[in-house]
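Written below as C-alpha cells is the structure these notes are about.
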Amino acid sequence: MELSVVLVVVAIVASFMAPVIDVFKPGVRGSVLEVTTTLATAQRTSVVLQHDIIVMFDTAQASLRVHLDADNDGSVDSGETVRWIELEEMAKFGRGTTPAIDSRTEGITFLGRQNEYPALTFHRNGSASEEGIAYITSRRPGSSPDDTRAIRVERGTGQLTCLRYRDGAWSKGC
C-alpha cells in the first residue's frame, strides 16, 4: 500500500515537471559551445602551425570537418590531419524560424566550398577567408526562434561572436 502511494506521488510530481524539462536547449547550447571552440582552436592552430585550417560544414550530417592543410593547397592530401566533430543529437545547422541576421538566409552563410559544402579557411595570420555566420538550432518539431544561436566570424581577424535570438532581436551572448 505504501509503495502504491509513493508511486502515485512520484507520478503526480513527474506530470508537473515534464513540461518544464527541455531536452533540446542543452543540445543546442552544447553544439554552439563545440562549434565555437572548434572554430577558435582552428584559428589559433593556423597561426601556431603557419598552415591553413579549413573547416567544412556538413549540414546534412550535422558535423564539421577540420582539415589541417599542411601545403596550403585547399585540398585534402595524404598525411594531412582531418578530424570530424558532430553536433549534439538534438541540434542541427540552420535558422529554424528565426529571422536572418543579414541578407543571407542560408543556415551557413559562408560562400567558400569544399566538396560542395560550405567551408571557411583560417589563414596562417589568423584571418578568415570570409565573413559569415553559422546558425545552430534545435531538432524540435515546430521549434521556437529562441532555440536558435548564431556564430559570426569576422574576416580580417577571425574573431568569433556568439549571438542569441531573444525578445524579437539578435543580441551578443549565447
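In table form, for the structure just shown:
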item: Selected residue [on the phi < 0 side of the Ramachandran plot, loosely packed, with under 15 Cβ neighbours inside 10 Å, at pLDDT below 95 and out of contact with any helix residue (DSSP H, G or I) (no Cβ under 9 Å at 6 or more places or on another chain)] from Arg155, Arg104; result: Arg104
item: Residue that is nearest to Val82 (Cα to Cα) [pool: residues in the stretch 119-174 that are in contact (Cβ under 8 Å) with a residue 60 or more places away in the chain and among the hydroxyl-bearing types (Ser, Thr, Tyr)]; result: Thr121
item: Residue satisfying condition, being at positive phi, at pLDDT below 90, out of contact with any helix residue (DSSP H, G or I) (no Cβ under 9 Å at 6 or more places or on another chain) and surrounded by fewer than 18 Cβ atoms within 10 Å (Cβ to Cβ), within set Gly142, Gly168; result: Gly142
item: Output for the stretch 30-51, where each listed residue is closer than 22 Å to Arg164 by Cα, of a type outside the set (S, T, N, Q) and modelled with pLDDT of 90 or more; result: Val32, Leu33, Glu34, Val35, Leu39, Ala40
item: Residue match in the stretch 52-59 (condition: polar (S, T, N, Q), part of a loop (DSSP other than H, G, I, E, B) and modelled with pLDDT under 95); result: yes
item: When residues of the stretch 70-89 are limited to those that are part of a loop (DSSP other than H, G, I, E, B), among the acidic types (Asp, Glu) and surrounded by 13 or more Cβ atoms within 10 Å (Cβ to Cβ), the one nearest to the chain's Cα centre (by Cα); result: Glu88
item: In the stretch 110-127, residue nearest to Val32 (Cα to Cα) [restricted to those that are assigned to a loop (DSSP other than H, G, I, E, B) and among the hydrophobic types (A, V, I, L, M, F, W, C)]; result: Phe110
item: Qualifying residue in the stretch 93-109 (condition: of a type in the set (Asp, Glu) and either assigned to a strand (DSSP E or B) or closer than 24 Å to Arg44 by Cβ (or both)); result: no
item: Within the stretch 39-50, tally of residues that are surrounded by fewer than 20 Cβ atoms within 10 Å (Cβ to Cβ) and more than 23 Å from Lys92 (Cα to Cα); result: 6
item: Condition broken by Gly94, with the remaining ones in (1) out of contact with any Leu (no Cβ under 8 Å at 6 or more places or on another chain); (2) crowded, with 21+ Cβ neighbours inside 10 Å; (3) touching a residue at least 40 places away in the same chain (Cβ under 8 Å) satisfied; result: (2)
item: Hits in the stretch 2-21 - residues which are at pLDDT below 65 and either surrounded by 10 or more Cβ atoms within 10 Å (Cβ to Cβ) or acidic (Asp, Glu) (or both); result: Ala14
item: Condition broken by Ser78, with the remaining ones in (1) touching a residue at least 24 places away in the same chain (Cβ under 8 Å); (2) more than 21 Å from Gln159 (Cα to Cα); (3) of a type in the set (S, T, N, Q) satisfied; result: (1)
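The values are calculated or read from the model by the stated rules, or taken from the named source; none is laboratory data. Computed from a predicted model, the values in this text were never measured in an experiment. Every residue, glycine as well, gets a Cβ built from its backbone with ideal geometry; the counts of neighbours run over all protein chains shown.
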